[in-house]
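First up is the structure itself, then whatever we jot down about it.
The values are calculated or read from the model by the stated rules, or taken from the named source; none is laboratory data. Given the structure is predicted, the values throughout are model-derived calculations rather than measurements. Cβ placement follows ideal geometry from the backbone for every residue including glycine, while neighbour counts extend to all protein chains displayed.
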Amino acid sequence: MHNQSKYSESELKALAKAIKYINQHPPEWKSPGAANENHFSRKTLQAFDKAIQYINKHPLEWTGPDELSRYSDINQSTLQAVFLNKTGRTISEYCEIIRITVSCILLADETLSTKEIAALCGYSSQSSFNKAFKRVKEVSPGKWMMSDENHSLGKSKVNLLDKINSLLDKKANQIDKQ
């Protein structure tokens, strides 16, 4: 019997590369509460790290704050507070940023349509994907495709893995310079 997947082989390959990128290159944030970080216990900060790692490893699974707090073994309101302190975002906002980051990687690859990317990234419709994308990136997916940010992902005829490796090398060099 033929094993049917709702995704094509090319979709699965592109998605796997995007998820690998997210795990190796998590989004940066400015910690608005860095000066106040000491008011969180070590256990709370470890739970936050565990939650972030889970989200980054499962970027397209919608994990609500209640599920995430159970997984991290910490009170939901405490987890929300540390998220706001460390990232300046709620858990839901952070998850959406991760999903849109994955979609950007898929858009830059240019092998999938916007509709396919919307479905892969867990949006119920292309319209809801477009709204979320615009909320995070402040432009539509189509305008983003023509933007400098997309070009920085490497709009040349290089495969996605090469783009990802190039970005990782640049990031490593930036970190080394700091």
Search result, residues across the stretch 39-61 that are assigned to a helix (DSSP H, G or I), modelled with pLDDT under 85 and of a type in the set (D, E, K, R): LYS57
Selection from the stretch 56-80 of residues that are surrounded by 13 or more Cβ atoms within 10 Å (Cβ to Cβ) and touching a residue at least 24 places away in the same chain (Cβ under 8 Å): ASN56, PRO59, LEU60, THR63, PRO65, SER72, ILE74, THR78, LEU79
Some residue of the stretch 2-25 being closer than 19 Å to LYS134 by Cα, outside any helix (DSSP H, G or I) and either charged (D, E, K, R) or modelled with pLDDT of 90 or more (or both): no
Lone qualifier among VAL158, VAL139 - being surrounded by fewer than 17 Cβ atoms within 10 Å (Cβ to Cβ), at pLDDT 85 or above and more than 16 Å from the chain's Cα centre (by Cα): VAL139
Filter result for SER128 (modelled with pLDDT of 90 or more, among the polar types (S, T, N, Q), over 13 Å from the mean Cα position of the chain (by Cα) and surrounded by fewer than 18 Cβ atoms within 10 Å (Cβ to Cβ)): yes
Selection count where residues are more than 20 Å from THR101 (Cα to Cα) and in a helix (DSSP H, G or I), scope the stretch 69-87: 12
Counted residues, the stretch 82-136 - those being among the charged types (D, E, K, R), closer than 29 Å to SER72 by Cα and touching a residue at least 24 places away in the same chain (Cβ under 8 Å): 5
